[in-house]
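**Q** Before I ask anything, let me first share the structure, which is written out below as structure tokens.
The values are calculated or read from the model by the stated rules, or taken from the named source; none is laboratory data. Only a predicted model underlies this, so the values are computations on that prediction, with no experimental measurement involved. Note: ideal-geometry Cβ built from the backbone for every residue, glycine included; neighbour counts use all protein chains shown. We work out accessible area using only protein heavy atoms, side chains counted, and drop any ligands, DNA or RNA first. Shrake-Rupley method; radii C 1.70, N 1.55, O 1.52, S 1.80 Å.
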Amino acid sequence: MIDRATVDKIMDAVNIVDVVGEFVNLRKSGVNYKGLCPFHDDKTPSFMVSPARQICKCFSCGEGGNAVNFLMKHEQITYPEALRWLAKKYNIEIQERELSDDEKREQSERESMFIINEWACDYFHNILKNDVDGIAIGKQYFRSRGIRDDIIEKFKLGFALTKRDALANEAKRKGYKDEFLVKTGLCYYTSPKLGENGRGLNNDSSSDPQPPSLGGLKDRFAGRAIFPWLNVSGKVVAFGGRKLDAATKGVQQKYVNSPDSEIYHKERELYGIYQAKKAIVKEDCVYMVEGYTDVIAMHQCGLENVVANSGTALSIYQIRLLHRFTPNIVLLYDGDEAGIHAAMRGTDMLLQEGMNVKVLLLPDGDDPDSFSRKHTAQQFKEYIEQHQTDFIEFKTDLLLKNVKDPIKRAEAINNIVRSVSVIPDPIVRATYITECSRRLDVNERTLITQTNKFIAGDKEEQRKIAEREANGQQATANSQQLIANFGLHSQQEQTSEVERLIMQNVIRHGDEIIFEGLETDDGGTIDLNVAQYVDYDLSSDGLTLSLPLYNTILKEAVEHSADPGFKASTYFIQHPDPAISQLAANLGIDSHQLSKSFEMKNSEKTLRQRVQHLILDFRLDIVSQHLKDLQQKLKAMGTNMTDLKMLMDDYQETLELRNALARQRGSDVMA
């Protein structure tokens, strides 16, 4: 358990721009910073970070909060884990007792998987450095690839012993459960009935260094060089294992990767992103390569803004992850047929996501790994600058080279124009159409017409997809309507905009005095701040806000009003309850930043008037709703004159109260 004093120390040290900047490429925007929101498909920067208030918020999807909320949402971690992450970043010591084996077993499945992966990463790395076989086989392999010790440390490279249950036995000896060894993909079960390797259960079709004769828990990566996958925040999510064959001195190249799991989806991860993200932001460009050793070799060469999708087709999730750091990408592949195919298949998706795409195919016989070992970083950079081409030139050279047949030429041009049509920015799209016209010697008007046809076709397809989704959601909507008809509304639905504004003022200005020297019944005087006034006014008539969270915040603001140096906004933004801190952050930042001359000046009088008006609006809402309820009852009333008269009297009194409140609301409220 982390005590409040330590939490305060952590929160005092936090700079939210630094924290968010670990995951999002931020640009200065006035007094704040902006970037692409990491929580939804953001085409234009809508994610704002306020260093003054130490909060962030997306004004498109609504996600936001303080640094802790951001980490919890982005990394899918718990509140204590987010605090530990921040403590580590700012070198703040947290005194915590070691978890017992029982407590470890009680941890969430996700956390347990991360813990086991982290342990396995250290285990493989230690084998490589200290075990006799690890040094003789694993380290020798990396040495043969020219990989230095500092790069081995940087990427946490390792080696798995050839014994098929070495890791499994060591993990069980350390107290880790078989269940999570299997769920992370580090191990798999075999059955003696299935024969060698238990094929069909482990999804590993490669032959074993030592085929097991008996079933049981077996290591997936036995006898392989290990490449850990770290996600964008540095957590170990998976492993890649390269098969080593002593008979051919490591020439045979065959990889086995962790299967998808609760913490790892290959289509959402990029190898090397953690080690590359700062360099990507600094260079405002990322190099995309194919394999582990390509990434590692380029780092060793001095080019660090490089990632790999490691043999999978480039996915929309990977592109959006990169776009948070830079819009500029160079596809850096071998010049063989496989490299050309890899460059072709990702181009349209990159363009559709607003990326600026360049392509570079290396000379025949070279891949990024071999090329980087022959050149310095400066030479490699110069080669890229001189030989990279935009996607039009790449596709033109590839599809139209030596093409004489008019039909095939038309098909190739359509392929190129199809790529141009997916570009979201109309100016960029128009520029490329002009360039296509010049390069392809085709009338620009013709290209524009064909581009518009592609765009219209895409919109129609999107419309059909949306229609199918809408039809699929109709049953849910019907159920919600039935609930609404019976008055079963959620508390969130019952919460009015007025209540939200009241709570916004409590969070932003709860500690500010708006009444001075008010006389008390015993002849004394008191001062009231915003929180105290709201609480006093509502409680005088037994009123409460509709959300329990709102009432909790109001109560705490009142309770802490007498604390020395109490500042409501700071207190609630740094609150240990994530729900409160996130709400405080969402209500504490404006979607539009006004210049100094236009900012609202919160004098005591203007703040008092605003809060009084909001309380009147709240009361007016309650009375108006009561009137509506009475109207419904009157409509349903039978012929009982006694009950009818009581309802009519209640209705008349409520109507007079509503009118009085409306008149009061329409005039300035006097102190």
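**Q** Considering only residues of region 333-357 that are acidic (Asp, Glu) and either touching a Cys at 6+ places or on another chain (Cβ under 9 Å) or part of a helix (DSSP H, G or I) (or both), which is nearest to VAL422 (Cα to Cα)?
**A** Once the filter is applied, the top-ranked residue is ASP348.
**Q** Ok, one more. Test THR449 against the criterion of being more than 17 Å from THR396 (Cα to Cα) and either modelled with pLDDT of 90 or more or part of a loop (DSSP other than H, G, I, E, B) (or both), and give yes or no.
**A** Spelling it out, THR449 is indeed more than 17 Å from THR396 (Cα to Cα) and either modelled with pLDDT of 90 or more or part of a loop (DSSP other than H, G, I, E, B) (or both).
**Q** Taking the criterion of being open to solvent by 30 Å² or more (accessible area, probe 1.4 Å), in contact with a Leu (Cβ under 8 Å, 6 or more places away or on another chain) and modelled with pLDDT under 90, would at least one residue in region 286-300 satisfy it?
**A** Taking every residue of region 286-300 in turn, none turns out to be open to solvent by 30 Å² or more (accessible area, probe 1.4 Å), in contact with a Leu (Cβ under 8 Å, 6 or more places away or on another chain) and modelled with pLDDT under 90.
**Q** Any chance region 316-331 includes a residue that's touching a Pro at 6+ places or on another chain (Cβ under 8 Å) and part of a helix (DSSP H, G or I)?
**A** no
**Q** Let me ask something else. Has region 87-103 got at least one residue that is surrounded by fewer than 21 Cβ atoms within 10 Å (Cβ to Cβ), modelled with pLDDT under 90 and among the β-branched types (Val, Ile, Thr)?
**A** Yes, the conditions are met somewhere in region 87-103.
**Q** If you don't mind, there's one more thing I want to ask. Scan (1) more than 30 Å from LEU26 (Cβ to Cβ); (2) in a strand (DSSP E or B); (3) among the basic types (Lys, Arg) for the single condition ARG373 breaks and write down its number.
**A** Result: ARG373 fails condition (2) only.
**Q** Now a separate question. When you look at VAL307, is it in contact with a Gly (Cβ under 9 Å, 6 or more places away or on another chain) and under 18 Å from LYS381 (Cβ atoms), yes or no?
**A** Here the answer is yes, as VAL307 does meet what is asked.
**Q** Given the residues GLU81, GLU75, GLU22, which is the only one that is under 30 Å from ILE423 (Cβ atoms), among the acidic types (Asp, Glu) and surrounded by fewer than 21 Cβ atoms within 10 Å (Cβ to Cβ)?
**A** Result: GLU22 is the single residue among GLU81, GLU75, GLU22 that is under 30 Å from ILE423 (Cβ atoms), among the acidic types (Asp, Glu) and surrounded by fewer than 21 Cβ atoms within 10 Å (Cβ to Cβ).
Condition check ((1) in contact (Cβ under 8 Å) with a residue 24 or more places away in the chain; (2) open to solvent by 90 Å² or more (accessible area, probe 1.4 Å)) across all residues:
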position: LYS404; (1), (2): no, yes
position: ARG409; (1), (2): no, no
position: VAL420; (1), (2): yes, no
position: PRO426; (1), (2): no, no
position: ARG439; (1), (2): yes, no
position: THR446; (1), (2): no, no
position: GLU460; (1), (2): no, no
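**Q** Something else about it: Select from region 130-143 the residues that are more than 17 Å from GLY241 (Cα to Cα) and touching a residue at least 12 places away in the same chain (Cβ under 8 Å) and list them in ascending order.
**A** ASP131
**Q** Let me ask you something else. If LEU501 satisfies all but one of (1) open to solvent by 40 Å² or more (accessible area, probe 1.4 Å); (2) over 41 Å from the mean Cα position of the chain (by Cα), what's the number of the condition it fails?
**A** (2)
**Q** Considering only region 122-234, give the helices (runs of 4 or more DSSP H) lying wholly within it that have at least 2 residues that are at pLDDT 90 or above and over 30 Å from GLY21 (Cα atoms).
**A** Details: elements: 140-144, 149-154, 166-173, 178-183.
Ranges flagged: 140-144, 166-173, 178-183.
**Q** Suppose the filter is of a type in the set (D, E, K, R) and touching a Ser or Thr at 6+ places or on another chain (Cβ under 6 Å); does GLU444 pass it?
**A** Yes; evaluated as a whole, the condition is true for this residue.
**Q** Okay, moving on. Is it the case that region 160-167 has a residue that's open to solvent by 40 Å² or more (accessible area, probe 1.4 Å), under 25 Å from GLN275 (Cα atoms) and not hydroxyl-bearing (Ser, Thr, Tyr)?
**A** no
**Q** Mind checking which pairs have a first residue in region 320-331 that is more than 10 Å from MET288 (Cα to Cα) and a second that is among the basic types (Lys, Arg), Cβ under 7 Å, 6 or more apart or different chains?
**A** Partner pairs satisfying both residue conditions: PHE325/LYS277.
**Q** What number of residues in region 261-278 are crowded, with 21+ Cβ neighbours inside 10 Å, part of a loop (DSSP other than H, G, I, E, B) and either of a type in the set (Lys, Arg) or modelled with pLDDT of 90 or more (or both)?
**A** Summing the residues that are crowded, with 21+ Cβ neighbours inside 10 Å, part of a loop (DSSP other than H, G, I, E, B) and either of a type in the set (Lys, Arg) or modelled with pLDDT of 90 or more (or both) in region 261-278 gives 4.
**Q** When the residues of region 516-575 are filtered to those that are of a type in the set (Ser, Thr, Tyr), farther than 25 Å from VAL7 by Cα and assigned to a loop (DSSP other than H, G, I, E, B), which remaining residue is most open to solvent (accessible area, probe 1.4 Å)? Talk me through it step by step, then tell me what you get.
**A** Of the residues in region 516-575, the ones of a type in the set (Ser, Thr, Tyr) are 520, 525, 533, 536, 539-540, 544, 546, 550, 552, 561, 569-571.
Subsequent filtering for residues that are farther than 25 Å from VAL7 by Cα retains 520, 525, 533, 536, 539-540, 544, 546.
Checking which are assigned to a loop (DSSP other than H, G, I, E, B) leaves us with 520, 540, 544, 546.
Values: THR520: 43, SER540: 72, THR544: 95, SER546: 35 Å².
Checked region 516-575; the qualifying residue most open to solvent (accessible area, probe 1.4 Å) is THR544.
**Q** Quick one: how many residues across region 65-91 are outside any helix (DSSP H, G or I), on the phi < 0 side of the Ramachandran plot and of a type in the set (Gly, Ala, Ser)?
**A** Of the residues in region 65-91, 0 are outside any helix (DSSP H, G or I), on the phi < 0 side of the Ramachandran plot and of a type in the set (Gly, Ala, Ser).
**Q** If you don't mind, another one. Mind checking which residues of region 620-671 are at pLDDT below 70, open to solvent by 50 Å² or more (accessible area, probe 1.4 Å) and within 30 Å of GLU516 (Cα to Cα)?
**A** GLN664, ARG665, GLY666, SER667, ASP668, MET670, ALA671
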